[in-house]
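Notes follow once the structure below has been shown.
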Amino acid sequence: MAPPRPPDRFPAGPRYRSYLLFGMGSALMLPLGFELLCALWALASGDAAWREFQAGLRHPLRIAGHAVAGVWLTWVALRFFRLFPKTQPFRLGPFRRPPDWLLVGGLYGVFAAASLALGLWLAGRIGGLG
Amino acid sequence: MAEHTKIIAVTRFDPERDDAPRSQEYEVPVQEDWKVLEALNYIKDHLDPTLSHRWSCRMAVCGSCGMNVNGEPKLTCREPLSNYGERVEVAPLANFPVVRDLVVELEGFLEKLGALKPWIMLAKQRAPEEGATRQSPAELADFKQFSMCINCMLCYAACPVVANEPDFLGPAALATAHRYNLDSRDEGAAQRAEIMRGEGGVFSCSYANECAEVCPKNVDPAGAIQQAKLANVLSWARSFVVRRRAAS
Amino acid sequence: MDSVLHYDIVIVGGGAAGLRAAIAVAEADPQLRVALVSKVYPMRSHTVSAEGGAAAVARADDSLEAHAYDTVKGSDFLGDQPVIQYFVERAPEELVRLEHWGCPWSRNDDGTVATRAFGGMTTKRTWFATDKVGFHILHTLFQTSLRYERIERLDEHFVTKLLVQDGRCGGVAALDIRSGETRAVLGRAVILATGGGGRAWPFTTNGAIKTGDGMALAYRAGLALKDMEFVQYHPTGLPGTGILITEAARGEGGHLKNAEGERFLITRDYGVGQKAELGPRDMISRAITQEIAAGRGVSLPGKTGEFAHLDLRHLGAAKIDSRLPFVRELARTYIGVDPVHEPIPVRPVLHYMMGGVDTDIDGATQIAGLYAAGETACVSLNGANRLGSNSLTECLVFGARSGAHSAAHVREADAPPEAALVESARAAEAELEALRGRQGGGETVAQLRDAMTRAMEEGTGVYREQAGMRRAAAQIAELGGRFAQLRLQDGSRVFNTEITAALELRNLLDVAAAVTVAAAERRESRGAHACSDYPERNDGEYLHHSLVRLGDSGPVFDKKPVELGIWEPEERKY
């Protein structure tokens, strides 16, 4: 027998690319998680440490990193939205699963509302600081 | 019917002669409405009787003729040749050992399927005299989609997890197990749980969704596996709560 | 001999009949070791292609007597009535068992199993799982069989010979297709369940694997094949491929129309009366053939021959999608027609063999320890014409019975001497080795197969005539001789599908010989055997079963009485 051959279009095929991008994105989670720990550490270490941490966030590289993470997270969310409906049971007790468009629409709705709220809140905070 | 020729590049491998699979090209006069399988059968009957491939029903239900066509797993009896250009590559399904030419080894799948106990399990077997069980159309709809799998193995050929983790039970087998778990007539979910949530079970799936993309019968094994993940987490959580309550 | 394997019971064929028999053995005696030998993985078996349903009395307004009478009348009084009686009695239980094993039968709103109308049946008694009934039955049986450890599968093993010694069957010789080894698979009983041989004809609903293997094995072992002249043409096959469009399409209300848009089964007298599209298959196939002959056929660009229209448009998309989704998928994929918007072009297509290995009601043959069930067998349930949806149930009822009886048989029977059986298997192996890669100067498998299917189509179509049948019989005999000169080019031992195709061709030629010889001997028209030169049924001379045996110099014809009982033959009018 000849040994199995990996899927022919792996990893260059368009669908595999999107899947791999999704998977590789977890690499972004590591520095972000580390950063979160640093933030908590700084908070616990007093005002000076916290201000220093905040100042560090203004570095262009950090901003770029966050921008990339933001785009990636958005993309992961959208991929998840597309694949979400079928992860749900056909039935919950007496209720049938709502149609896919409703589930996906709902997810987009919540996403849009949350983004808007966060945006407004951030704008307010930033405005307040200024 | 208009005829023209296409080059069909077929992966050949005879373990008695070849060290590794190789490609062989055939010039086939094809008809407009032919499926890929008809070109292979033409080769077998008219050009090269040494070509080995599996096929039978030629109506997309027996599941024998799955192959990789231009790199994508396809049921060759329902895949129109007209979807492809002048050169079409036909290879054995990926992710399976190759027995010969386009024939792959399926023993592993059958072992995995059997291990998942794909049959109705009851505490007390029903006797025929009891008559047919009642099952509402809604209860039937709970699992019907996942009972449509023809075991054509396209999903295994597409799955990147199968490629990296040979012990992964895989899309078709897990979907079938989940189908029995969802059947209102079955009480065997607990007995399937250990293997379903164990090593190589549903949690090995990283939801690439490739199985659903290539499934020719819209079974959507990816959906079944994610549902099974959720069901397993919920039942685990429930058992945890029940235990805590019982303890206090 | 590469290996000798020991079992109690050897089942050849992994379709509905073989799997049901295996489960019956396991239930009768869990200690018995069963070999399930199949040339394909069981879930590829052709049962998978059955679409419309399985018959068994289920409704309060139905009766066993009505099912029995419909079957007797459908058989044109050639079915054995005690067999039919037993069949209708056991049918409901078998379908209930499948339900308990998980078969996803379609349901009524109250949760009971739904039934649909079928041709030749007076009421709705056909159980269904949308229009993929065979698929669901096969996978349910296969998955259920996995629970029995003593059912051991020999997948992709091609049986080349029955091992018979002193009138007792002691196993089979089988080629392991993957390794090229021949194995002696021994058991004190053997059940043949390999289906029919529709591939002897060029235009058939049958999958590639339907090559009459079990019939030919029995025939070469000296057993009689019974009623082989009766082959069923299903009225509605797709142009070109012959893919089946289920009778359920008419059961759900579909209409057959000619080129003028006329429902000819109503406007003209084809003997089906008020039943119209729900008449029996033999009559409807003849009606379509006559419509085409009268110049009222539908032509299709790029397709040879003419067709009738199967019109489902008035059923609407919702009903088609809920009851006939597979019909829609098949019509779209294989002829580019969406039945929601256009009528489906169809024509009669070879579908089923009523004949087969002559067995008694237990599935037992004249060789002790050898059984047959399903399409392979002729237990005389179907007579001269089978009613649609009786055959899946037949596989279950008689698969179960032959399984149970073989289990009882092996409790008493001792095995024929092993040395003699292995010797016989060795001879089969030598024969096979001589065939592998044989550089004979003659034709290829495909060339000889084409000649055979052409002869069968010309000689044994929907309508036959004496001269044509005799010519076909002579041609088949001559092709049998040419088989010895076959040229094979594949010398490999591994998955050599040229050699299996040659073995299948040899089996088909045996089946074809029996069909043509039996057909030429029946100078009357009965059921599916419609002779243009003898258009009437002749109960005086021909109310008997035909038997064909392999003699020293070719097929030998014989006959056997029909077992009547309740109903005397009467004119078959609907």
Determine the pairs where a residue that is under 26 Å from residue C:533 (Cα atoms), located within the stretch C:466-484, has a partner that is basic (Lys, Arg) with Cβ atoms under 7 Å apart, the partner being 6 or more residues away or on another chain.
C:466/C:523
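Among the residues of the stretch A:87-105, are any away from every other protein chain (no Cβ under 12 Å) and either in contact with a His (Cβ under 8 Å, 6 or more places away or on another chain) or open to solvent by 80 Å² or more (accessible area, probe 1.4 Å) (or both)? Give the derivation first.
From the stretch A:87-105, those away from every other protein chain (no Cβ under 12 Å) are A:98-99, A:101-105; that's our starting set.
Restricting the remaining residues to those that are either in contact with a His (Cβ under 8 Å, 6 or more places away or on another chain) or open to solvent by 80 Å² or more (accessible area, probe 1.4 Å) (or both) gives A:101-102.
Taking every residue of the stretch A:87-105 in turn, at least one turns out to be away from every other protein chain (no Cβ under 12 Å) and either in contact with a His (Cβ under 8 Å, 6 or more places away or on another chain) or open to solvent by 80 Å² or more (accessible area, probe 1.4 Å) (or both).
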Somewhere in the stretch C:370-380, is a residue open to solvent by less than 20 Å² (accessible area, probe 1.4 Å), modelled with pLDDT of 95 or more, in contact with a helix residue (DSSP H, G or I) (Cβ under 7 Å, 6 or more places away or on another chain) and assigned by TED's automatic domain parsing to the domain that holds residue C:513?
no
Flagged in the stretch C:453-484 as open to solvent by less than 10 Å² (accessible area, probe 1.4 Å) and either under 25 Å from residue C:162 (Cα atoms) or among the charged types (D, E, K, R) (or both), in numbering order, are C:464, C:476, C:479
Tell me which residues, restricted to the stretch C:86-120, are within 16 Å of residue C:564 (Cα to Cα) and surrounded by fewer than 20 Cβ atoms within 10 Å (Cβ to Cβ).
C:86
Log entry, pairs with first residue in the stretch B:81-96 being closer than 12 Å to residue B:30 by Cα and touching a residue at least 60 places away in the same chain (Cβ under 8 Å), second being assigned to a helix (DSSP H, G or I) and open to solvent by 20 Å² or more (accessible area, probe 1.4 Å), beta carbons closer than 8 Å, six or more apart or on different chains, reads B:81/B:38
In the stretch C:131-155, the residues that are assigned to a loop (DSSP other than H, G, I, E, B), surrounded by fewer than 24 Cβ atoms within 10 Å (Cβ to Cβ) and at the interface with another protein chain (Cβ under 9 Å from one of its Cβ atoms)
C:146, C:147, C:155
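Scan the stretch C:504-517 and give yes if some residue there is on the phi < 0 side of the Ramachandran plot and within 14 Å of another protein chain (Cβ to nearest Cβ), otherwise no. Steps first, answer last, please.
Taking the stretch C:504-517 first, the residues on the phi < 0 side of the Ramachandran plot are C:504-517.
Going one step further and asking which of them are within 14 Å of another protein chain (Cβ to nearest Cβ), we end up with C:504-505.
Yes, because at least one residue in the stretch C:504-517 is on the phi < 0 side of the Ramachandran plot and within 14 Å of another protein chain (Cβ to nearest Cβ).
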If you go through the stretch C:406-433, how many residues are within 27 Å of the chain's Cα centre (by Cα) and either of a type in the set (Val, Ile, Thr) or crowded, with 24+ Cβ neighbours inside 10 Å (or both)?
1
When residues of the stretch B:198-248 are filtered for being more than 14 Å from chain A (Cβ to nearest Cβ), more than 25 Å from residue B:188 (Cα to Cα) and in a helix (DSSP H, G or I), how many remain?
1
Would you point out the residue of the stretch B:34-74, among those that are open to solvent by less than 10 Å² (accessible area, probe 1.4 Å) and β-branched (Val, Ile, Thr), that is farthest from the other protein chains (Cβ to nearest Cβ)?
B:36
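Name every residue in the stretch C:225-242 that is in a loop (DSSP other than H, G, I, E, B) and either surrounded by fewer than 24 Cβ atoms within 10 Å (Cβ to Cβ) or of a type outside the set (A, V, I, L, M, F, W, C) (or both), in order of residue number. If you could, list the steps in order and put the result at the bottom.
Let us first name the residues in the stretch C:225-242 that are in a loop (DSSP other than H, G, I, E, B), namely C:227-230, C:238-242.
Matches in the stretch C:225-242: C:227, C:229, C:239, C:240, C:241, C:242.
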Restricted to the stretch C:299-325, and to residues that are among the acidic types (Asp, Glu) and over 27 Å from the mean Cα position of the chain (by Cα), which residue is least open to solvent (accessible area, probe 1.4 Å)?
C:311
So residue C:388 ticks every box in (1) part of a loop (DSSP other than H, G, I, E, B); (2) open to solvent by 50 Å² or more (accessible area, probe 1.4 Å) but one. Which box is left unticked?
(2)
Considering every residue within the stretch C:64-76, establish whether at least one is part of a loop (DSSP other than H, G, I, E, B) and farther than 25 Å from residue C:237 by Cβ.
no
Among the residues that make up the stretch C:267-276, is at least one of them open to solvent by 10 Å² or more (accessible area, probe 1.4 Å) and touching a strand residue (DSSP E or B) at 6+ places or on another chain (Cβ under 9 Å)?
no
Can you name every residue in the stretch C:326-340 that is over 20 Å from residue C:251 (Cβ atoms), within 27 Å of the chain's Cα centre (by Cα) and open to solvent by 40 Å² or more (accessible area, probe 1.4 Å)?
C:332
Can you spot a residue in the stretch C:502-519 that is open to solvent by less than 10 Å² (accessible area, probe 1.4 Å), within 30 Å of residue C:429 (Cα to Cα) and not in a helix (DSSP H, G or I)?
no
Of the conditions (1) more than 27 Å from residue C:234 (Cα to Cα); (2) over 23 Å from the mean Cα position of the chain (by Cα), residue C:480 clears all except one; give me its number.
(2)
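Residue under question is residue B:15, and the condition is that it be of a type outside the set (A, V, I, L, M, F, W, C) and either assigned by TED's automatic domain parsing to the domain that holds residue B:166 or assigned to a strand (DSSP E or B) (or both); does it hold?
Numbers: of a type outside the set (A, V, I, L, M, F, W, C): yes; either assigned by TED's automatic domain parsing to the domain that holds residue B:166 or assigned to a strand (DSSP E or B) (or both): no.
In short, no.
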I'd like to know if the stretch C:515-530 contains one or more residues that are of a type in the set (Asp, Glu), touching a strand residue (DSSP E or B) at 6+ places or on another chain (Cβ under 6 Å) and closer than 29 Å to residue C:70 by Cβ.
yes
Checked the stretch B:1-30 for anything over 15 Å from residue B:101 (Cα atoms) and either more than 10 Å from chain C (Cβ to nearest Cβ) or open to solvent by less than 60 Å² (accessible area, probe 1.4 Å) (or both); matches are B:2, B:3, B:4, B:5, B:6, B:7, B:27, B:28, B:29, B:30
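Go through the stretch C:405-491 and tell me which helices (runs of 4 or more DSSP H), entirely inside it, have 3 or more residues that are farther than 30 Å from residue C:157 by Cβ. Walk me through how you get there before you give the answer.
Details: elements: C:418-435, C:445-459, C:466-483.
By residue number, C:445-459, C:466-483.
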When residues of the stretch C:161-173 are limited to those that are surrounded by 23 or more Cβ atoms within 10 Å (Cβ to Cβ) and within 22 Å of the chain's Cα centre (by Cα), the one nearest to residue C:220 (Cα to Cα):
C:162
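Tell me, which helices (runs of 4 or more DSSP H) wholly within the stretch B:75-189 include 3 or more residues that are open to solvent by 40 Å² or more (accessible area, probe 1.4 Å)? Give the steps one after another, and end with the answer.
Values: elements: B:107-115, B:137-141, B:154-158, B:160-164, B:171-182.
So the answer is B:107-115, B:137-141.
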Residues of the stretch C:161-210 satisfying the condition of being away from chain B (no Cβ under 14 Å), charged (D, E, K, R), in contact with a helix residue (DSSP H, G or I) (Cβ under 9 Å, 6 or more places away or on another chain) and not in a loop (DSSP other than H, G, I, E, B)
C:161, C:183
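The values are calculated or read from the model by the stated rules, or taken from the named source; none is laboratory data. Owing to the predicted nature of the structure, the values given are computational and were not obtained by experimental measurement. Counting neighbours? That spans all protein chains shown, and the Cβs are built from the backbone with ideal geometry, glycine included. Calculation scope for accessible area: heavy atoms of the full protein, side chains included, ligands and nucleic acids excluded. Shrake-Rupley method; radii C 1.70, N 1.55, O 1.52, S 1.80 Å.
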